[in-house]
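Read the figures in this text as sums done on the coordinates, not as results from a lab. A quick note: this is a predicted structure, and the numbers were derived from the prediction, not measured. Neighbour counts are summed over all protein chains in view; Cβ atoms, including those assigned to glycine, are modelled from backbone coordinates with ideal geometry.
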Amino acid sequence: MARKYKFADLFYPKNKTLLANTVNTLLADADVNPMVANAYSYVSPHAGYIYSGSVAACTYKALSQNKHFSNIDTIIIVGPNHTGNGENIAVSMQDWETPLGILKNNTALSSLIATNGIKVDESAHSNEHSIEVQLPFLNVIAASKKFCFICMLDQTEESSIKLSNSIISAVRKLSSNAVVIASSDFDHYESRSEATKKDSTLINELSRLDYKSFNKSALDLNDSACGTGPIIVALLFAKAMGATKSLLLKYSDSGSVTKDYSSVVAYASLAFI
């Protein structure tokens with residue numbers, strides 16, 4: 001049984017033709033640094049496409065231009081749990097459906113990841129949008145690949161390390177050619193200037209793959225990036241695979257659309273290379 005999409009016409013168009021045209025236009029308009037051809041993992045936002053679609057498109061344009069793209073067999077998507085439902089770290093064993101089709105679960109890899117307190121749990125995913133919003137882009141560029149879908153309620157540093165270790169171990173055991181996508185928005189509901197100031201600190205620490213300083217700064221600055229756990233997982237996975245830095249592909253905020261700069265939600269696309 002596939003998880004049915006829940007957020008069409010809320011975050012992205014439900015009409016199949018309109019959705020495909022929207023995603024293809026966003027991808028065509030995205031401009032990315034050629035250096036990201038070496039990326040091992042990525043960060044992508046999960047707001048409505050009208051707000052963050054152009055930023056997310058940079059992530060997926062970069063993924064599509066990965067020099068190993070044809071050999072990538074599995075895309076592991078890790079998102080935050082906004083609802084509070086389900087296990088602290090919840091692995092889905094279902095296929096996932098969007099208006100553009102069904103994305104197949106790598107159940108062998110998913111089941112290996114679900115160890116050491118990491119649980120299989122569909123309830124955490126049932127009303128959560130952070131993974132689903134990524135999927136139409138993947139329907140367009142990577143529909144033939146397999147996927148793992150993981151939701152994090154517990155985003156502590158310890159939990160992030162545990163999940164990253166489990167993913168790395170499972171990928172190596174199966175000799176999988178996998179990449180990780182962390183689903184996260186950045187600072188929420190502050191002025192553009194304040195959000196940019198806080199996020200710049202976090203993004204600078206990510207550029208050095210300094211996950212401890214990243215996590216500490218997010219807490220100390222009260223930066224409300226909602227997917228710090230998934231970002232740390234993506235960073236640690238990439239570092240284990242040979243990454244030495246991250247590149248910021250695009251940074252923007254909701255004020256670019258609303259023209260209200262007094263209270264924005266910020267978005268970033270990053271690649272770990």
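Observations, loosely collected:
- Net charge dipole size for the chain [Lys, Arg +1 and Asp, Glu -1 on Cβ; Debye, nearest 20]: 820
- Dipole-positive endmost among P230, G117, M93 within region 2-272 (Cβ charges, Cα centre): M93
- Counting only Cα atoms, the chain measures 46, 43, 38 Å along its principal axes, largest extent leading.
- Cα-based shape type of region 39-108, given that a ≥ b ≥ c are square roots of the gyration tensor eigenvalues and the cut on a/c is 1.5: oblate
- In the chain, helical runs assigned H by DSSP with n ≥ 4 each contribute -39500 (n - 2.57); averaged across all residues and rounded to the nearest 500, the mean residue ellipticity at 222 nm is -12000 deg cm²/dmol.
- Span per principal axis, largest first, for the Cα atoms of region 3-89 (Å): 38, 34, 22
- Amide H contacts under 5 Å for R3: D95, W96, E97, restricted to partners 5 or more places along the chain or on a different chain, H placed in the peptide plane at 1.01 Å from N.
- Trypsin sites (Lys or Arg not before Pro) restricted to DSSP loop in region 194-273 with at most 12 other C-beta within 10 Å: R208, K259
- In terms of distances greater than 29 angstrom between alpha carbons, the cross-link table entries K216/K239; K4/K216; K4/K212; K67/K198; K67/K146; K173/K216 yield K4/K216; K4/K212; K67/K198; K173/K216.
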